[in-house]
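Reviewing the structure listed below.
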Amino acid sequence: MTNRLFIAGNWKMHGSLQKNAALITDITSKITRELPVDVAIMPPFPYLAAAALLLKPSSIQLGAQNLYLGQEGAFTGEVSGAMLHDVGCRYVIVGHSERRTLFHESPELVGNKVKAALDAKLIPILCVGETQQERATSQTEVVIALQLQAVLDVIGGQRFAELIVAYEPVWAIGTGLSATPEQAETTHAFIRGWLIKNQVAEMQGIRILYGGSVKPENAKALFAMPTIDGGLIGGASLNADAFIAICQAACALQAAGK
Ligand code: PEP
């Protein structure tokens, strides 16, 4: 038994009402049948409500890229999980490396955001991953264990099982330098081992996605690895044909019994 594969498109700070409508219409007109995998897109905040309407007739789900703590309050410029849920989001990315680096999000804040997402009935997609320098100095597993532990400390093992984890090596994000399937598998196996050791999950159950320059050319080989349960897709999710090809690679593997 394997997990149902999941393909999520992180649009980052891209798009406009017009471009998004064209992209979503293109994707939904080509993905017409019920898929054997889960697919979601994550547009920027201002476009979520419009995207929710456009996605309604399809099986593609909606997610956001970030959230803040609590339900509402005096936090100028922030958006809560309750608001995301209200406009139709099912998922929210938490702890993306761009937020950890550019916006100085600490492991503790990431843990609290994961809790806020769960409290708002959203499924957090928790991103973890090492920098190039951390990999070069054999720190990959130490860094990832710390990132996971910071979340476990806040929410505990039982709630952790509700998460999706995304392994995103920082050096592979937006660089065109994907991890090889073997490199990704080694780290995924470490993450799954960590989850089991910390009694968060059984062997299956928590989905662990790979993210970092996934494209139609490398998607199948990555998703075919035993502990990779799909992908978090950045750049390629902005191109309907590329995103659909990645979804099709996942569908083919799932249909073949992955
Ligand atoms: C991402 O931002 O989560 C990502 C994986 O980006 P890309 O696919 O462009 O490397």
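The values are calculated or read from the model by the stated rules, or taken from the named source; none is laboratory data. Predicted, not measured: the structure shown is a model, and the values here were computed from it. We place every Cβ from the backbone using ideal geometry, glycine too, and count neighbours over all the protein chains shown. Side chains included, ligands, DNA and RNA excluded: accessible areas come from the protein's heavy atoms. Shrake-Rupley method; radii C 1.70, N 1.55, O 1.52, S 1.80 Å.
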**OP:** Mind listing the long-range amide H neighbours of G211? Cut-off is under 5 Å, sequence gap 5 or more, other chains count too, H placed in the peptide plane at 1.01 Å from N.
**Re:** Y167, E168, L232
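Please report the net charge: other residues with Cβ closer than 12 Å to the Cβ of I208, K and R +1, D and E -1.
Details: positive: R192, R207; negative: E168, E185, D229.
Taking every other residue near I208 into account, the sum is -1.
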**OP:** May I ask for log10 I(q)/I(0) of the chain at q = 0.07, 0.08 Å⁻¹, from a Debye sum over the Cα atoms as equal point scatterers with solvent left out?
**Re:** -0.21, -0.28
Original post:
If we restrict to alpha carbons, what Rg and Dmax does the stretch 1-110 come to, in Å?
Top reply: 14.9, 47
**OP:** With a 10 Å radius around each residue's Cβ, average the other Cβ atoms per peptide and rank 228-234, 193-199, highest first.
**Re:** 228-234, 193-199
Subject >> Where R100, R33 fall by accessible area, highest first, once all protein chains stay in place (1.4 Å) >> reply: R33, R100
**OP:** Would you work out which of A250, L177, M42 lies farthest towards the positive end of the dipole of the chain? Charges go on Cβ: Lys and Arg +1, Asp and Glu -1.
**Re:** A250
**OP:** Using θ = phi - 60° and the Karplus relation 6.51 cos²θ - 1.76 cosθ + 1.60, list the HN-Hα couplings for the stretch 76-84 in order, rounded to whole Hz, with x at every Gly or Pro.
**Re:** 3, x, 9, 10, 8, x, 4, 5, 5
Subject >> Heavy atoms of E108 accessible to a 1.4 Å probe, total area in Å² rounded to 10 >> reply: 110 Å²
Subject >> Top of Q248, Q18, Q61 by mean-square fluctuation, Gaussian network on the chain, Cα under 10 Å >> reply: Q18
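Quick one: length gained pulling K220 to A50 fully straight, 0.36 nm per residue minus the C-alpha distance?
58.1 nm
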Original post:
With θ set to phi - 60° and the Karplus curve 6.51 cos²θ - 1.76 cosθ + 1.60, what are the ³J(HN,Hα) couplings of the stretch 121-128 in order, to the nearest whole Hz, using x for Gly and Pro?
Top reply: 6, 9, 9, x, 9, 7, 8, 9
Subject >> Which of M83, S59, A161, positive extreme of dipole for the chain (C-beta unit charges) >> reply: S59
Original post:
Quick one: net charge of S97's neighbours, Cβ under 10 Å, K/R +1, D/E -1?
Top reply: -2
Original post:
Add -39500 (n - 2.57) for each DSSP H run of 4 or more in the chain, then divide by its residues: what number comes out at 222 nm, to the nearest 500 deg cm²/dmol?
Top reply: -13500 deg cm²/dmol
**OP:** Once you've got the GNM for the chain with C-alpha springs shorter than 10 Å, pick whichever of E182, E168, E130 has the biggest mean-square fluctuation.
**Re:** E182
Original post:
Roughly how big is the stretch 6-255's charge dipole about its Cα centre, with Cβ charges of +1 (Lys, Arg) and -1 (Asp, Glu), in debye to the nearest 20?
Top reply: 380 debye
Original post:
How high is the relative contact order of the chain, in percent, with contacts defined as C-alpha pairs under 8 Å that are six or more residues apart?
Top reply: 22 percent
